[in-house]
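One structure is given here, and the rest of the page talks about it.
The values are calculated or read from the model by the stated rules, or taken from the named source; none is laboratory data. Only a predicted model underlies this, so the values are computations on that prediction, with no experimental measurement involved. Neighbour counts are summed over all protein chains in view; Cβ atoms, including those assigned to glycine, are modelled from backbone coordinates with ideal geometry. Ligands, DNA and RNA are stripped out before the accessible areas are found, and what is left, the full protein with its side chains, is counted by its heavy atoms. Shrake-Rupley method; radii C 1.70, N 1.55, O 1.52, S 1.80 Å.
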Amino acid sequence: MSDPVVELPIDRAIDTSQMKVTDEVAIQISDMNKWYGSFHVLRAINMTVNRGERIVICGPSGSGKSTLIRCINRLEEHQSGQIIVDGTELTGDLKNIDKVRSEVGMVFQHFNLFPHLTILENCTLAPIWVRKVPKREAEATAMHFLEKVKIPEQANKYPGQLSGGQQQRVAIARSLCMKPRIMLFDEPTSALDPEMIKEVLDTMISLAEEGMTMLCVTHEMGFAQAVANRVIFMDQGQVVEQNTPSEFFNNPQSERTKLFLSQILGH
Amino acid sequence: MSDTHSNTVAYVRDTMLPQTEPPLTEKGALKWLRENLFSGWLNTGLTLIALFIIWQALMAVGPWLLNSVWNAGSLRECRDILDGATGACFAVIVDRWHQLLFGFYPRHLYWRPVLALVLLFVALSPVLFPSLPRRLLTFTAIYPFLAYHLLWGGSVWLPIGAALGFVVGALAYIGLKRVNNLLAVFGAVLAPVLWWLVLAGPFDSTMSAVLPWGLEFVRSDRFGGFLISLVIGISGISLSLPLGILLALGRQSDMIFIKSVCVVFIEFIRGVPLITLLFTASLLLNFFLPPGTSFDLILRVIIMVTLFASAYMAEVVRGGLAALPKGQYEAADALGLDYWKAQRLIIMPQALKISIPGIVNTFIGLFKDTTLVVFIGLLDPIGLSNAIRASTDWNGIYWELFIFIGLLFFIFCFGMSRYSLYLERKLKRDHR
C-alpha cells in the first residue's frame, strides 16, 4: 500500500482480519432518481453494496450524498428507479419500510437522541417497542453496547448531560441495539470538536473491524483511507467517481475529484 | 505605584487573614431593603408612595372586612347589627352556601357530589403524580362512569352499559386485528357506536327489570352552583386535551381529507364566540337531533365547551409540535417505530412538555368560561348570586357573594397553575 495521503487521528493498529467483503448483495440501487420539487437532486444512481463493504461517500455540500443514504431507509422518498435493501424493495408499502428501517441503523450529524429519556431508555426503546424484546433483555443488550462505545457509566444520565462525542457514541449504541445488518452514517463527526471526532471515529473503526456493512457520508478522509474498501465521490446528484481508497486519493481520474481533493486536503 | 512596590520589594505573608463578616448594612434584611426598596432618591420616593397607597387600601377595606357579620337572616338584620358602621355581611354565605355550591341538588343527597369530588382527586392522582402505583389508573378509567352515577343516579345499568361499549370496541379490535389492521380500527370505532345506539338501551331496561339497582335519580335542572362549574369544567378539561391532540396531529397529517376537516373545524370554532356555541347548544341543537330524543342540557353544554376548548388546545399542541426539531421524527423513523408509537413515545412527551404553560392556560380559561352558562339559564355560581339577590332577604348584596365565588374559582385556578409549574420543573431535562 502506498503512503497514506491523509492522517487518521487514531493511534492504534487496525485489525482487518474480520473485514471481509462477501458476494451477498446487501443494497441494490438501480437507476434511482429523486427530485425536490423541480430540483433534480439524485440523477440515475446505480449502486450495489455487498455485505461487509465499508463505503465512504464524499463530495461537496449539496451534491446529494446525504439524500442518497437517507433514501436507503426511506427518510427520503425516491421518485423513480429501485432500491432493494436486504431483499426488500422500498415502495410505499409501510410494512416494507418499517422492516427495512428496523434492519438498517442510522447515525445522524446532530445525534438526534431523545432528550426526555435516559441514555439507557434511548437504547432500549426501539428493541422493546419494535422488536418486542423483554425489558430486562433489552437493558442487558443496551449495557453491552454502551460498554462497547465505552460509556456504560452514563447509562442513567440524560443526553443533555453528555458531551457531543459521548452523545454520538450513544447514538451509535442505540442503533446497534436493534442488531442492524447495515449501518448508515450521515456526517457523524461534522458537529464535533477534534477531540470528540477521535472518539467517535474510534467507535466506527471498531464497528468496521467486526465486519459491519457500513455506508458513511463523511469528510474524514483519514477514515476513508484506513477503513473503507471503496470511496464514492458525488457531485450534482451523480456518482462522479468510485474507486479503492488508495487509487482514489493517489490517482484520481476526474477533474472534479482532483479539485475536490485539493480543496479538502489542502494541497 | 503598587506595581513598583510589588516588583521591587520582596514580600512573604506570614499570617493568613481569617474570614470576617460583611458590614451590617451589606447582609440580611438590611441589604435587601437597601438594594430593593431604597437604592436611590427616585426608588425611595416610589417605595414611600407605594406604601401610602397600600395603607390607604388597607384603611378602606380593613374595617369593612374586620366588621364582618357572619350571623344574620337577611341584609336588613345585618344592617341592624352593624348599626350604621361599615362592615361586610358574610351572613349571606352562611345562609346560602349550600345553594352556591350545589344549586338545588336535594339536601339529603349532598354526600354524593362530595364523594364524587373526593374520588376525583383519587382518580386524578396517578395521572398527576407518576410516582404513584400504575394500578390506580384502573380506577381513573372507571371514575367517569362512577361519577356520573353518583351525580345523576338512576339505574346503575346505564353507566355500566356505556362503559361496556368500550369493552365491545376493544374486543372488536382484538378480534379483527388477526384479519387486518385497518379493519380492526374500523371495527373498534363502529362496534361501540352500534352497541350504544342499538343494544345499550335494551341492555339497560332488561337488566334494570331483573336487578333494579341504582341511586335516587336527580334531574339535571336541580344541578347548580359550583357543582355545575366543576362538572362542566372537569369534563371539558379531560375531554379537550385528547381531542386537541388528535386535532393537532390531524392538522399536520399528509392525508388531505383528515387535514382539511381538522383545519376547518379549528378555524371555525376559533372564529366563533363561545356564547354563540352555548346558545346553539341550548336552543338549536334539538332541531338537528331526531324528534323525540331529549338530550340533557348539561351534556350539550359539556360537548360545546369541549369542542371549543379542543380547538384552542389543538393550536397550543401544534405550537409544541412545531418546536420539536425534525431530527426527533427522523430518529424515531430510522429506528423503525411506526407513526403512533413515535407519537406516543417520542413526539408527544416532548411536545406536550413544551406546551404545558399553554395547555394549563387553556384549562384555566375553560374553567372560568363555565360561568358563561348563566346566559343559557343554567344556574352556575353567578346565576345563583342573581337568584339569591332576587329574594327579598338578600336584595342588594353584591360584594360578599362575588368575593366568595371569586375565591373558590381562584383556589382551583391557582392550584392548576402551581401544578403546572411543578410539572415543568420536574420534567426539566436539558440541564443547561
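Return the residues of region B:208-228 that are part of a strand (DSSP E or B) and within 22 Å of the chain's Cα centre (by Cα); say none if nothing qualifies. Within region B:208-228, just B:Phe223 meets the criteria. Taking the criterion of being more than 18 Å from B:Thr206 (Cβ to Cβ) and open to solvent by 30 Å² or more (accessible area, probe 1.4 Å), the residues of region B:153-170 that qualify are B:Phe166, B:Ala170. Buried (at least 20 other Cβ atoms within 10 Å of the Cβ) and touching a helix residue (DSSP H, G or I) at 6+ places or on another chain (Cβ under 7 Å) - does that describe any residue in region A:94-101? Yes. Restricted to region A:177-267, the set of strands (runs of 3 or more DSSP E) holding at least 2 residues that are within 15 Å of the chain's Cα centre (by Cα) comprises A:182-186, A:213-217, A:230-235.
Considering only residues in region A:139-176 that are part of a loop (DSSP other than H, G, I, E, B) and open to solvent by 10 Å² or more (accessible area, probe 1.4 Å), the one that is nearest to the other protein chains (Cβ to nearest Cβ) turns out to be A:Tyr158.
Please enumerate the residues belonging to region B:275-295 that are in a loop (DSSP other than H, G, I, E, B) and at pLDDT 70 or above. Once the filter is applied, which keeps residues that are in a loop (DSSP other than H, G, I, E, B) and at pLDDT 70 or above, region B:275-295 yields only B:Phe295.
Within region B:305-316, residues that are within 17 Å of B:Ile356 (Cβ to Cβ) and among the acidic types (Asp, Glu) have Cβ atoms under 9 Å from residues that are open to solvent by less than 10 Å² (accessible area, probe 1.4 Å) and part of a helix (DSSP H, G or I) in these pairs: B:Glu315/B:Gly244; B:Glu315/B:Ala248; B:Glu315/B:Ile266, counting only partners at least 6 apart in sequence or on another chain. Given the condition part of a helix (DSSP H, G or I), among the polar types (S, T, N, Q), closer than 21 Å to A:Met204 by Cα and within 14 Å of another protein chain (Cβ to nearest Cβ), answer yes or no: does some residue in region A:92-101 qualify? No, region A:92-101 contains no residue that is part of a helix (DSSP H, G or I), among the polar types (S, T, N, Q), closer than 21 Å to A:Met204 by Cα and within 14 Å of another protein chain (Cβ to nearest Cβ).
Going by the structure shown, is B:Val179 part of a loop (DSSP other than H, G, I, E, B) and touching a helix residue (DSSP H, G or I) at 6+ places or on another chain (Cβ under 7 Å)? Considered against the rule, which asks whether it is part of a loop (DSSP other than H, G, I, E, B) and touching a helix residue (DSSP H, G or I) at 6+ places or on another chain (Cβ under 7 Å), B:Val179 comes out as no. When region A:109-138 is limited to residues that are assigned to a helix (DSSP H, G or I) and within 8 Å of chain B (Cβ to nearest Cβ), the one that is farthest from the chain's Cα centre (by Cα) turns out to be A:Trp129. Take the conditions (1) surrounded by 15 or more Cβ atoms within 10 Å (Cβ to Cβ); (2) on the phi < 0 side of the Ramachandran plot; B:Asn71 misses just one of them, which is (1).
The set of residues from region B:333-364 being open to solvent by 40 Å² or more (accessible area, probe 1.4 Å) and away from chain A (no Cβ under 14 Å) comprises B:Pro357, B:Asn361.
With respect to B:Val231, determine if the residue is in a loop (DSSP other than H, G, I, E, B) and away from chain A (no Cβ under 14 Å). Answer is no for this residue.
Residues of region B:365-418 being among the polar types (S, T, N, Q), without any contact (Cβ under 8 Å) to a residue 40 or more places away in the chain and open to solvent by less than 40 Å² (accessible area, probe 1.4 Å), which ones?
The answer is B:Ser391, and nothing else.
Number of residues in region B:17-33 that are among the charged types (D, E, K, R) and assigned to a loop (DSSP other than H, G, I, E, B): the value is 2. In the set B:Ser68, B:Ser39, B:Ser125, B:Ser74, only one residue is closer than 30 Å to B:Leu352 by Cβ and polar (S, T, N, Q); that residue is B:Ser125.
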